[in-house]
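Asks: Structure provided below as structure tokens; questions to follow.
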Amino acid sequence: MKIEKDKVVTIDYTLTDDHGTVLDSSKGHQPLAYLHGNGNLIPALEHSLEGKSVGNHIDVAIAPADAYGEWEQERVKEIPRSQFSGVEEIEVGMQFSARGNEGEHTVTVTKVSPDIITVDANHPLAGKTLHFDVTVVDVRHATDDELAHRHVHGPGGHH
Ligand code: ZN
């Protein structure tokens, strides 16, 4: 069976950046199952998997513009520490939920000084070229429920 819209596809994958650093991987976890053609993966990755079948392997590099966008300096903000009331210790790498013009989003602390906390609202993968190493493990028909929900049920899926 070939991968096409509305098929349930199970993949083993490893995601690395330009330096070969592993950013995410299904190794050591269960493979990822997703409903193809329903916006569950980055479109460029789904496009590369189109027409493939079990046992096929792809290596694909996806530019930031086709993944999580460019990294933008204007999404980095300096915030007075006084606005972090109730948080006793603020450390680099901590993540907070912030409310902005585009609704709720996650920001990551990138710098801490006595009075000013620098946070970055860019997606953690923004500005990175994503290298996906993917092996197709399974391809099957979706159930009616899965098609209605537009995601996979059962092993490797959402619920
Ligand atoms: Zn569901």
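The values are calculated or read from the model by the stated rules, or taken from the named source; none is laboratory data. From a predicted model like this one, the values you see are computed outputs, not experimental measurements. Cβ: placed from backbone, ideal geometry, glycine included. Neighbour counts: every protein chain shown.
Asks: For the range 128-142: of the residues being buried (at least 16 other Cβ atoms within 10 Å of the Cβ) and in a loop (DSSP other than H, G, I, E, B), which is nearest to the ligand (Cβ to nearest atom)?
Replies: The qualifying residue nearest to the ligand (Cβ to nearest atom) is 142.
Asks: Please specify each residue of the range 45-63 satisfying the condition of being outside any helix (DSSP H, G or I) and either among the acidic types (Asp, Glu) or within 16 Å of the chain's Cα centre (by Cα) (or both).
Replies: First, pick out the residues of the range 45-63 that are outside any helix (DSSP H, G or I): 50-63.
Matches in the range 45-63: 50, 59, 60, 61, 62, 63.
Asks: For the range 31-52, what are the residues that are exposed (fewer than 14 other Cβ atoms within 10 Å of the Cβ) and of a type in the set (Gly, Ala, Ser)?
Replies: Listed by number, the residues that qualify are 39, 51.
Asks: Among the residues in the range 86-105, are any assigned to a loop (DSSP other than H, G, I, E, B) and either among the hydroxyl-bearing types (Ser, Thr, Tyr) or within 29 Å of residue 53 (Cβ to Cβ) (or both)? Show your work before the answer.
Replies: At the first step, the residues of the range 86-105 found to be assigned to a loop (DSSP other than H, G, I, E, B) are 86-94, 101-102.
From what is left, the residues that are either among the hydroxyl-bearing types (Ser, Thr, Tyr) or within 29 Å of residue 53 (Cβ to Cβ) (or both) are none.
Looking through the range 86-105, none of the residues is assigned to a loop (DSSP other than H, G, I, E, B) and either among the hydroxyl-bearing types (Ser, Thr, Tyr) or within 29 Å of residue 53 (Cβ to Cβ) (or both).
Asks: Which condition number in (1) in a helix (DSSP H, G or I); (2) away from the ligand (no atom under 16 Å from the Cβ) is the one that residue 145 fails?
Replies: (2)
Asks: Here's something else I'd like to know. For residue 28, only one of the following conditions fails: (1) over 30 Å from residue 111 (Cα atoms); (2) modelled with pLDDT of 95 or more; (3) surrounded by fewer than 16 Cβ atoms within 10 Å (Cβ to Cβ). What is its number?
Replies: (2)
Asks: Moving to a separate point now. Residues that are in contact with a strand residue (DSSP E or B) (Cβ under 9 Å, 6 or more places away or on another chain) and assigned to a helix (DSSP H, G or I): does the range 25-44 have at least one?
Replies: Yes, there is a match, as at least one residue in the range 25-44 is in contact with a strand residue (DSSP E or B) (Cβ under 9 Å, 6 or more places away or on another chain) and assigned to a helix (DSSP H, G or I).
Asks: Taking the condition within 21 Å of residue 32 (Cβ to Cβ), within 16 Å of the ligand (Cβ to nearest atom) and touching a residue at least 40 places away in the same chain (Cβ under 8 Å), does residue 61 pass? Please lay out each step first, then the result.
Replies: Values: within 21 Å of residue 32 (Cβ to Cβ): yes; within 16 Å of the ligand (Cβ to nearest atom): no; touching a residue at least 40 places away in the same chain (Cβ under 8 Å): yes.
Against the criterion (within 21 Å of residue 32 (Cβ to Cβ), within 16 Å of the ligand (Cβ to nearest atom) and touching a residue at least 40 places away in the same chain (Cβ under 8 Å)), residue 61 does not qualify.
Asks: Yes or no: residue 58 of a type in the set (A, V, I, L, M) and within 26 Å of residue 145 (Cα to Cα)?
Replies: Details: of a type in the set (A, V, I, L, M): yes; within 26 Å of residue 145 (Cα to Cα): no.
Here the answer is no, as residue 58 does not meet what is asked.
Asks: Restricting to the range 148-157, give me the number of residues that are touching a strand residue (DSSP E or B) at 6+ places or on another chain (Cβ under 7 Å), within 11 Å of the ligand (Cβ to nearest atom) and small (Gly, Ala, Ser).
Replies: Step one: filter the range 148-157 for residues touching a strand residue (DSSP E or B) at 6+ places or on another chain (Cβ under 7 Å), giving 150-152, 155-157.
If we keep only those that are within 11 Å of the ligand (Cβ to nearest atom) as well, we get 150-152, 157.
With small (Gly, Ala, Ser) added as a condition, the list becomes 157.
Residues that pass the stated criteria total 1.
Asks: Please find, within the range 64-93, the residue that is nearest to the chain's Cα centre (by Cα) out of those that are more than 29 Å from residue 40 (Cβ to Cβ), without any contact (Cβ under 8 Å) to a residue 40 or more places away in the chain and surrounded by 10 or more Cβ atoms within 10 Å (Cβ to Cβ). Lay out the reasoning, then the answer.
Replies: In the first step, residues of the range 64-93 are kept if they are more than 29 Å from residue 40 (Cβ to Cβ); the result is 73-74, 76-92.
From what's left, without any contact (Cβ under 8 Å) to a residue 40 or more places away in the chain: 73-74, 80-92.
When the remaining residues are screened for being surrounded by 10 or more Cβ atoms within 10 Å (Cβ to Cβ), the result is 81, 84, 87, 90, 92.
Working: 81: 30, 84: 27, 87: 28, 90: 25, 92: 21 Å.
Among those residues, the one meeting the criterion is 92.
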